[in-house]
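The values are calculated or read from the model by the stated rules, or taken from the named source; none is laboratory data. None of the values given here were measured: they were computed from a predicted structure. Reconstructed Cβ throughout: ideal geometry from the backbone, glycine too, with neighbour counts over all protein chains shown. Heads up: the accessible areas ignore ligands, DNA and RNA and are worked out on the full protein's heavy atoms, side chains in. Shrake-Rupley method; radii C 1.70, N 1.55, O 1.52, S 1.80 Å.
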Amino acid sequence: MHPQMPLLDQLQQLDDELDQLHQLLKQLDPGDTLRRQINESRQRMEHGKQRHRELQTSAQEQQLKLQSMETRIRQAEADLYSGRIRNPRELEALQHDIDSMRRLHNEMELELLRLWEEMETQGRELHNAEQELSSIEKMFEHHVQRYQAQKARIESEIACRQERRTQLVAQIDPAVLQRYETLRARLARRAVARVESEACAACRTKLTPYLAKRLREETELVTCESCGRLLYLPEPIASDTA
């Protein structure tokens, strides 16, 4: 077995750990779902505020119209009972106008009542939307704190292992390291396979006696005949005659 295979095995383990840590880092949720919920909740709240303002404006306008109508009715009734108008037809027409204005006044009162009721309903909905937004924002704040803590911990572990990797790589022959990196890029990021129970641990192919002998006696890099990974033997393989 090549004398630097123990170093390559350590490097493979480090790279496996780094891959797992990078995957964990990628899987961390920075709070995108909660952020979308906040935006949606804020939009509902702003829409509610806008609708509430519109209702307030409509109610104020309706009150002014109602006051104007009440003034017109009082003026018409004053004319009706002033004695100034004596013509029966004119009196009848004036009474008819007053009746029409009173009906319209009643309709306007009902509309104002409807606006007030809708404003009250809209106010409750707006209050609920504000509470919902506040709740989600608190959840988001706590989530971000947890996310940042987890991210910092994983990044610290990555930095620690990366430093160990740099130190380890410095001990490996450049040609051997290049062989390792090339295989790792080609073979699903796993270039080294341990030999367990006289088989390649990566693809579970049994080692032939010839390959086992090479691995035991030669000092060259030996690859699995099936998957092509570099074979590492933690313990010597027993000879056929043993």
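Most tightly packed first, judged by the mean number of other beta-carbon atoms within 10 Å of their residues, the peptides 198-208, 75-85 read 198-208, 75-85.
For segment 15-141, report the % of Cα-Cα distances exceeding 21 Å. More than 21 Å apart: 65 percent of the Cα pairs in segment 15-141.
Listed values for segment 170-185 are Karplus-derived 3J(HN,Hα) couplings in whole Hz (6.51 cos²θ - 1.76 cosθ + 1.60, θ = phi - 60°), namely 5, 8, 9, 4, x, 5, 5, 5, 5, 4, 4, 5, 5, 5, 5, 5, and x replaces Gly and Pro. Taking every protein chain into account, the accessible area of the chain amounts to 65 square angstrom per residue (probe 1.4 Å).
Set the Förster radius R0 to 35 Å, insert the Cβ-Cβ distance between CYS160 and GLU225 as r into 1/(1 + (r/R0)^6), and round the FRET efficiency to 0.05. After rounding, the FRET efficiency stands at 0.40. Ordering GLN60, HIS105, VAL176 by Cα displacement along the dipole of the chain toward the positive end leaves VAL176 in first place; charges were set at the Cβ atoms of Lys, Arg (+1) and Asp, Glu (-1). To the nearest 20 debye, what is the magnitude of the charge dipole of the chain about its Cα centre, counting +1 on the Cβ of each Lys and Arg and -1 on the Cβ of each Asp and Glu? Using only the charged Cβ atoms, the result is roughly 520 debye.
On the chain, 48 percent of the accessible area sits on carbon and sulfur atoms, based on a 1.4 Å probe.
Annotation: lysines with alpha-carbon distance below 30 angstrom to LYS151 (same-chain offsets under eight excluded): LYS26, LYS138. Taken along the Cα-to-beta-carbon direction at a fixed 7 Å, the label points for GLU130 and TYR147 span 2.7 nm. Measuring spread by the Cα atoms of the chain yields a radius of gyration and Dmax of 42.6, 141 Å. For ALA199, the residues whose modelled amide H falls within less than 5 Å of its own, excluding neighbours fewer than 5 places apart on the same chain, are LEU207. Note on GLU120 and LYS213: their simple-model spin labels are 9.9 nm apart, each label 7 Å out from Cα toward Cβ. Averaged over residues, the count of other Cβ atoms within 10 Å places the peptides 4-13, 98-107 in the sequence 4-13, 98-107, highest first. Over the chain, DSSP H runs of length four or greater, each weighted -39,500 (n - 2.57), average out per residue to a 222 nm ellipticity of -27000 deg cm²/dmol. Taking Cβ atoms as reference points and 12 Å as the exclusive limit, the residues near HIS47 contribute a net charge of +1, counting Lys and Arg as +1 and Asp and Glu as -1. Taking packing as the residue-averaged number of other Cβ atoms within 10 angstrom, the listed peptides 150-162, 122-134 run from highest to lowest as 122-134, 150-162. When you restrict to C-alpha pairs under 8 Å that are six or more residues apart and normalise by the size of the chain, the relative contact order lands at 34 percent.
To the nearest ten degrees, helix 32-81 and the longest principal axis of the Cα atoms of the chain are 0 degrees apart.
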